[in-house]
Amino acid sequence: MIDKVVASADEAVRDIPDRAVLVVGGFGLCGIPENLIAALARRGVKELVCASNNAGVDDWGLGLLLRNRQVRRMISSYVGENAEFERQFLAGELEVEFAPQGTLAERMRAGGAGIPAFYTPAGVGTLVAEGKEARAFDGRPYLLERAIQGDFSLVAAWKADRMGNLVFRKAARNFNPMAATCGRICIAEAEELVEARCVVCGRAPVTRDSEHLFVELEHFRDFLQAWVPAHTARDVSNKLLEWFGEPLRGWDISRDAPYFGFEIPGHPGKFFYVWVDAPIGYMASLQNWCTRHNQSFDAWWQNSATELYHFIGKDIVRFHCLFWPAMLNVAGFKTPDQVFVHGFLTVNGVKMSKSKGTFVKARTQSLSAIAPRHVIYSRSIADRSLELSLAKRSIRGIRPLLTDSPTKSANGRYPRTISENCGGTSGALLALVRINRRRCRQSGLLLRRVGIAIPS
């Protein structure tokens, strides 16, 4: 276990350089990291950019850094009680960006969540809107606001443990939790240092050393940087390509026992992470189909005439658009021709939940006649809502279209689910393998489209 506690505030801020971007928590003078700010004042770093709701007062908080001329730029909401701030601003000595208070908090939260920007109605028609992209949604204008990400976060907490877990309390919760998440390094001062305990059982954490296996994605940078925009929609590729601004991090593909799945050969007690063996299971499902139908796996998967598509949810984009293409490429297998990413399916506008009664099972909700293409095919990553009252009226007479010519089963009806049409194979991801008919005639391959449900 890494003990993250240091002896003093001066030691805590010793690595903050000149021109660093700081995100500082607190509301007014409540919950500000006063000791860390004082240590920075003593250290004398210069040309800082500070994002904080307030700018302190003349002799307290960030006012100390302003008095020492250590701040080059402020991003703030309320600065009305600092005379030195006012003097420097009016004299052109200090760059200032004003932001509505809620917008500032959300910009910090977005930075910590990895969201590059968002739209908000706050500030429309004011000086805040100058130079910003505007867009209308449902007839209402919104401004595009960029997230805030800092080199360091300085926050004040009520309690902290040696592992770096923080608890914020009362008015000091204003801005501190958001500020803590959006800095690459968070430095916190706390009123009380406690030992780490599990909130469920009350036990202390157990320290263990464990070796893990990684795939170094940086080795595949050039391949992935070209593959992603060529095989995904623009909004998906734009998000993925943000990660290429710095070296790609290694992907931990191992998990310690107890863990479900497959044990890694030569590494007792280590198991493949599920998103390593799951894609292999997709290929194994096709192999199973080929075996049962006396077909060649390579004649389908490796054939240049084959078109391979994946339809996935947006929560697993990094696996299907980074990790798996890299794995397939290095192993010499054909990669998907296109990955279609869709949003989450909600029920009457709310998330599916068994406990809240919004979890839908197709066989028990009269939805089994809906073809998968009516549900999962989407050109947008926006969430989609399944309106049950509307669905029940509109699905009558619709039969599933999983192959070019769906065949009736022994009881005289069309298959109701993906798994029935594919011989019992279950799964959430639908991979469509389509063969160009003209080229098939030349190669002697099967001349029909096959829908295959792939287990996830």
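No value in this document is a laboratory result; all are computed from the given coordinates. In this text the structure is predicted, and so the values were computed from the model without any measurement. Neighbour counts run over all protein chains shown; Cβ positions are idealised from the backbone, glycine included.
Structure summary
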quantity: Packing-based order for 199-205, 182-188, using average beta carbon neighbours within 10 Å, highest first; calculated: 182-188, 199-205
quantity: Estimated FRET transfer efficiency (Asp222, Asn348; beta-carbon r; R0 45 Å; 0.05); calculated: 0.45
quantity: Distance cut-off 19 Å, percentage of C-alpha pairs in region 1-146 lying past it; calculated: 57 percent
quantity: Partner lysines for Lys356 [C-alpha distance under 22 Å; skip if fewer than 8 residues away on the same chain]; calculated: Lys392
quantity: Aspartates and glutamates whose Cα lies under 13 Å from that of Lys239, excluding same-chain neighbours fewer than 8 positions away; calculated: Asp315
quantity: Length released on extending from Asp252 to Arg208, taking residue separation times 0.36 nm less the Cα-Cα span; calculated: 14.1 nm
quantity: For a label point 7 Å along the Cα-to-beta-carbon line of Asn165, residues of region 178-215 with backbone N under 16 Å; calculated: 192-208
quantity: R0 of 22 Å, Cβ-Cβ distance Glu95-Ala117: FRET efficiency to nearest 0.05; calculated: 0.55
quantity: Projected label distance in nm at Val194 and Phe137, using a 7 Å step from Cα toward the beta-carbon; calculated: 3.7 nm
quantity: Where only alpha carbons of region 118-160 are counted, the Rg and the Dmax (Å); calculated: 15.5, 46
quantity: Sites Cys290 and Ala83 - FRET efficiency at Förster radius 56 Å, r taken between beta-carbons, to 0.05; calculated: 0.10
quantity: 12 Å reach of a label modelled at Asp3, 7 Å along Cα-to-Cβ, counting backbone N of region 149-188; calculated: 162-163
